[in-house]
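The values are calculated or read from the model by the stated rules, or taken from the named source; none is laboratory data. Small disclaimer: the values here were computed from a predicted structure and weren't measured. Every residue, glycine as well, gets a Cβ built from its backbone with ideal geometry; the counts of neighbours run over all protein chains shown. Side chains are part of the model used for accessible areas, which takes the heavy atoms of the whole protein and leaves out ligands, DNA and RNA. Shrake-Rupley method; radii C 1.70, N 1.55, O 1.52, S 1.80 Å.
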Amino acid sequence: MTVDSSAASEPRRSAAGKAGTTGSKTGTKRTTRTTSRTTTSATGTASRTTTRSTTKKSADPELVQLLTPEGKRVKNAEYDAYVAGITPEELRGLYRDMVLTRRFDAEATALQRQGELGLWASLLGQEAAQIGSGRATREDDYVFPTYREHGVAWCRGVDPTNLLGMFRGVNHGGWDPNSNNFHLYTIVIGSQTLHATGYAMGVAKDGADSAVIAYFGDGASSQGDVAESFTFSAVYNAPVVFFCQNNQWAISEPTEKQTRVPLYQRAQGFGFPGVRVDGNDVLACLAVTKWALERARSGEGPTLVEAYTYRMGAHTTSDDPTKYRADEEREAWEAKDPILRLRRYLEAANHADEGFFAELETESEALGRRVREAVRAMPDPDNFAVFENVYADGHALVDEERAQFAAYQASFADVEGA
């Protein structure tokens, strides 16, 4: 499952986005192979046989690309304007964002393995999609994430340690959504797209020129909530951008089990444009998302952006991707690593030197230590906090439940005192 680095530079949109410009359907073919893997331990040698499937595409997907995997800048007549004024300092900033986000993600994964977090959903491999789109937003835009948008949270100024409280089980989110216009993580698959659409409809009625962006994955694209969001946003011309990170796998379910056409083409059935962007190209993600957000702010309605990327790690730390996908598939995508791609460009253009990379490595390690220390120092939650903010004005049933829980807690004190 590879993307040709020489993909056409012209954007591919659904018919609703631009007359006479359509994306091609991508045929799929699956093969199943059985591999025998032998592992050796201190107690001897054990072998196991696993069956994994490999996904093959009969044609390369069409996508907007500004940086090839080799770090070469390619021209795009329509989207170049959205990154034309970007400075070397801003490019280094994008690189820094991706490196620090990956470092935070790696630390969180390690903390879960050490029993400090109950679960963790890694974004490894999706840094460009998240940083590029996140940096395209304005302060007054509102973001509705799923549970994997750690890079977007970074761009919105949410302290990364706040993201870990929920996964440690000490809070229900850890930040005020209105402080950064970044909604709490949503675990229910796809439901945040409805929240985003409703919020965007409200923004339009208020006459504001801000926009809303909703994140979801390829698996969530099959949810009814997402289809309803598309319908309502189109009918009411809501200023919302639907940003789908197509990382190829909905846990163990490959994309071709979700759709028979490229995901971005679904938009044309609802009457608004869709565009597929190279999700490992931070410049392309920045440019396309800027374009889509400007459409929304100017009253042109919704857009579907499909960031074609790859989940390099497990779906969550409870998952084992080696059971359902081949090593060769991951290796092919490793060659298109989003961080390495931008580094190659920075070095070739003399926009960064070894001093910059060394300083960033030091900053990265400091972030890892800060996150680790902060998580281990998190206090246990107030047992009664769960009853707060359930209703705006209180509720008799909640009061009754609180009293019952208080009596239950008091019973332990009585036993200890006896």
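Mind listing whichever residues of region 121-159 are in contact (Cβ under 8 Å) with a residue 60 or more places away in the chain, open to solvent by 10 Å² or more (accessible area, probe 1.4 Å) and more than 22 Å from Val212 (Cβ to Cβ)? Passing the criteria: Ser122, Leu124.
When Tyr345 is tested against (1) of a type in the set (Ser, Thr, Tyr); (2) open to solvent by less than 30 Å² (accessible area, probe 1.4 Å); (3) more than 22 Å from Trp120 (Cα to Cα), just one condition goes unmet, and that condition is (2). Every residue in region 226-237 that is buried (at least 18 other Cβ atoms within 10 Å of the Cβ) and more than 17 Å from Asp141 (Cα to Cα), please. Within region 226-237, Val226, Ser229, Phe230, Phe232, Ala234 meet the criteria. Summed over region 322-365, the residues that are under 24 Å from the mean Cα position of the chain (by Cα), of a type in the set (Asp, Glu) and in a helix (DSSP H, G or I) give a count of 8. Given the condition in a helix (DSSP H, G or I), more than 25 Å from Ser133 (Cα to Cα), without any contact (Cβ under 8 Å) to a residue 40 or more places away in the chain and open to solvent by 20 Å² or more (accessible area, probe 1.4 Å), answer yes or no: does some residue in region 305-321 qualify? No, region 305-321 has no match at all.
Looking at the structure I just gave you, is Ala214 out of contact with any Asp or Glu (no Cβ under 9 Å at 6 or more places or on another chain), of a type in the set (A, V, I, L, M, F, W, C), in a strand (DSSP E or B) and under 26 Å from Thr316 (Cα atoms)? Yes: the conditions hold for Ala214.
If the condition is being part of a loop (DSSP other than H, G, I, E, B) and acidic (Asp, Glu), then region 87-141 contributes Glu116, Glu139, Asp140, Asp141. Of all residues in region 256-283, those satisfying the criterion of being assigned to a helix (DSSP H, G or I) and either of a type in the set (A, V, I, L, M, F, W, C) or open to solvent by 10 Å² or more (accessible area, probe 1.4 Å) (or both) are Glu256, Lys257, Leu263, Gln265, Arg266, Ala267, Gln268, Gly269, Phe270, Val282, Leu283.
May I ask you to say which residue of Asn171, Asn180, Asn162 is open to solvent by 20 Å² or more (accessible area, probe 1.4 Å) and touching a residue at least 60 places away in the same chain (Cβ under 8 Å)? Sole residue among the options that is open to solvent by 20 Å² or more (accessible area, probe 1.4 Å) and touching a residue at least 60 places away in the same chain (Cβ under 8 Å): Asn171. With respect to the stated conditions, Val371 is farther than 28 Å from Pro69 by Cα and surrounded by 20 or more Cβ atoms within 10 Å (Cβ to Cβ). The numbered conditions (1) at negative phi; (2) open to solvent by 50 Å² or more (accessible area, probe 1.4 Å) are all true for Arg325 except (2).
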